[in-house]
Amino acid sequence: GAVVSQHPSWVICKSGTSVKIECRSLDFQATTMFWYRQFPKQSLMLMATSNEGSKATYEQGVEKDKFLINHASLTLSTLTVTSAHPEDSSFYICSARGFVAGGIQETQYFGPGTRLLVL
Amino acid sequence: GENVEQHPSTLSVQEGDSAVIKCTYSDSASNYFPWYKQELGKRPQLIIDIRSNVGEKKDQRIAVTLNKTAKHFSLHITETQPEDSAVYFCAASIKSPGSARQLTFGSGTQLTVLP
């Protein structure tokens, strides 16, 4: 399958600081990238959808000024958690959708996730 | 919007037995139904998917069935092995003109295969 990388894999930060998470599609161009949040023993909750070069579309209840998304290219999207608080502690997973080499239909692949702990 | 319900939330089977996980969806316009396997602390991995023009799809020990009339789809794992133990998520999505396909996930099923 296609490869989606995410960096960092885990981060611990103090309350009030900002954290940037990078998501890259390594072997295909992602027409769309998604950011999810997953709390322990819960399902994946979509936070926002972004297309290269355009503003992200945020899901209801997700603050766009707090979770800044930049989809700089067809292979890179970043999520910045601004002024992080303990309740932002979670597992953040990105996902990239596109046509993988040899594929005839778009498929969605997930990054390995970033575990964020805000103290 | 789309709503996906998944059952059961936990499932324990003996090694070698079959496991079945069921999902229902609400939006009849949904046309793509992937299944993901997620091991603890790791990324969801696509294991099989089915599109609305197909009623059944099989890949070795894994099969998925889709009933569009009833708006439900199921994952079947035969000859289960301990390494099948994980959380499984179903999802449904719609591709609307001019917008990106978005996945709506079920709540997950913790499958435990007992040796």
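What follows is calculated from the coordinates using simple rules that are stated; it is not laboratory data. Being a predicted model, the structure only gives us computed values, none of them experimental. We place every Cβ from the backbone using ideal geometry, glycine too, and count neighbours over all the protein chains shown.
In this structure, the pairs whose alpha-carbon distance is over 19 Å, taken from B:Lys22/B:Lys71; A:Lys20/A:Lys66; A:Lys41/A:Lys66, are A:Lys41/A:Lys66. Paramagnetic label reach from B:Leu40 (point 7 Å along Cα→Cβ; backbone nitrogen cut-off under 15 Å): within the stretch A:34-49, residues A:40-42. Summary value for the stretch B:1-91: 34 percent relative contact order, contacts being C-alpha pairs under 8 angstrom separated by 6+ residues. Extension gain, A:Val3 to A:Ser73: 0.36 nm times the residue separation minus the Cα-Cα distance gives 23.6 nm.
In the protein assembly as shown, a dipole from Cβ-located charges (positive for Lys and Arg, negative for Asp and Glu) runs towards its positive end, and of B:Thr69, A:Trp10, A:Ala72 it is A:Ala72 whose Cα lies farthest in that direction.
Relative to a virtual label point 7 Å from the Cα of B:Ser9 in the Cα→beta-carbon direction, which members of the stretch A:24-50 show backbone nitrogen distances below 13 Å? Output list for this probe position: A:41-43.
To the nearest 0.05, how large is the calculated FRET efficiency for A:Phe99 and B:Glu79 if R₀ is 25 Å and r is the Cβ-Cβ distance? Calculated value: 0.15.
Remark: A:Ser95, B:Ser26 ranked as B:Ser26, A:Ser95, counting other beta-carbon atoms within 10 Å and listing the fewest first.
In a simple Cβ point-charge model (Lys, Arg +1; Asp, Glu -1; nothing else charged), the protein assembly as shown has a dipole of about 360 debye relative to its Cα centre.
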